[in-house]
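K.L.:
My questions will all concern the structure given below.
Throughout, read-outs are computed from the coordinates displayed, never taken from laboratory work. For clarity, every value in this text was computed on a predicted model and none was experimentally measured. Here the Cβ positions follow ideal geometry from the backbone for every residue, glycine too, while neighbour counts run over all protein chains shown.
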Amino acid sequence: MAKAPRRVYEITPAWPFGTPVVVEVAGWNVALTASVGFEDVERWYDKPLPTEARLHSKPRKQIPELILTGARTPVVSAGMKSVLEQVAPGESEFRPFTLQWEDGTAVPGEWHLCNLLKRIDCFDYAAMGMQPPDPKEVEKTLHQKRSDPMSAEEYWLREGYINQMLGPKYVDLATIDDAQIWRPRWHPASIFVTDNLLAALKRAKIRGLQAERLGTREEPLPTLAEIREKALSRRLKPKEPSTKTEA
C-alpha cells in the first residue's frame with residue numbers, strides 16, 4: 001500500500017462562538033512575521049519587544065492556547081510551547097509574556113511570546129495558476145530604505161511584512177524538508193504546520209486550534225463544483241429509518 005502523502009495545514013485560533021477577542025499589546029505592537037530572531041528585531045528597530053497585553057474580554061473559563069495579536073504575532077500557552085520544543089526544536093523562540101483580562105486581572109496559566117524562525121518559499125505557484133512575486137519588483141515598492149540598493153538583511157526583514165497570496169493555497173512538499181512549523185514566503189502572516197505537528201498538538205490536548213488543510217499535487221483541494229455537488233448529494237440522500245423508539 002502506498003504511503004499517504006504528508007499533509008500541511010494553516011493554523012489559527014478558534015475562539016468560542018467564532019468571535020475573536022481584541023488583543024491590546026502594551027507598548028509596541030510588533031509584527032513578528034519576518035522570521036528573524038528576537039534580538040535582531042530589537043536591534044533593527046532599537047526598541048524592546050513587548051512583554052504584556054490585555055484581552056478585551058471579561059474573564060473566561062477557556063481561551064485558545066494560540067492567540068494572535070492584531071499584528072499577527074503569536075502568544076502561546078506553556079503546553080503549546082512544550083509541544084513545539086519537543087516536535088520542532090529550534091524552529092521557534094520564546095519569551096515570557098503576561099496576559100490580562102480587560103478588568104486587569106491575570107489570565108491564568110503561563111504564556112509566551114512566540115517567534116517562528118523559518119520562512120519558506122513553499123507555495124506551488126503552478127498549481128495555484130499564478131507567477132511568484134519578483135523580489136526586484138517588490139523592492140521597488142518599498143520606501144524609506146536604509147540602504148539603496150537594499151542590503152539582503154533589510155530586504156529579508158521587510159519582505160516579512162508583505163502578504164500577496166489570495167485564494168486557495170497549494171504547497172510544494174519538496175520545499176519543506178524537515179520543517180514542522182513555518183511562515184510561508186509571500187504570505188508570512190500565516191502559520192503553516194505539518195500533519196505530524198498537528199497530531200502532536202492534538203495528543204497534548206492543546207485547546208482552541210483551527211486547522212485548514214492546504215492543497216498539494218498529491219492531494220488537491222476540492223473544486224467549488226465538487227463542493228456544491230457533494231452538498232447537493234447530501235440533501236438528496238434518502239433518510240435512513242430511525243432506530244429510536246418512543247418511551
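K.L.:
Say we join alpha carbon atoms closer than 10 Å with springs in a Gaussian network model of the chain; which of 167, 70, 37 then has the biggest fluctuation?
P.N.:
167
K.L.:
Among 17, 97, 123, which one shows the highest mean-square fluctuation when the chain is modelled as a Gaussian network with alpha-carbon springs under 10 Å?
P.N.:
17
K.L.:
Still on this structure, I have one more. From the backbone phi of segment 223-228, what are the Karplus-calculated ³J(HN,Hα) couplings (6.51 cos²θ - 1.76 cosθ + 1.60, θ = phi - 60°) in whole Hz, Gly and Pro given as x?
P.N.:
6, 4, 5, 5, 5, 5
K.L.:
Less than 9 Å Cβ to Cβ from residue 9, Lys/Arg counted +1 and Asp/Glu -1: what total charge do the surrounding residues give?
P.N.:
Combined, the nearby Lys, Arg, Asp and Glu give -1.
K.L.:
If I build a Gaussian network model for the chain, linking alpha-carbon pairs within less than 10 angstrom, which residue out of 214, 236, 68 has the largest mean-square fluctuation?
P.N.:
Of the options given, 236 has the highest mean-square fluctuation.
K.L.:
Would you compute, from DSSP H runs of 4+ residues alone, the mean residue ellipticity of the chain at 222 nm, taking -39500 (n - 2.57) per run and dividing by the full residue count, rounded to the nearest 500?
P.N.:
Estimated from H runs of four or more residues: -6500 deg cm²/dmol.
K.L.:
As an exercise, take the mean of 1/r over every pair of distinct alpha carbons in segment 8-236, invert it, and state the Kirkwood radius in angstroms.
P.N.:
19.2 Å
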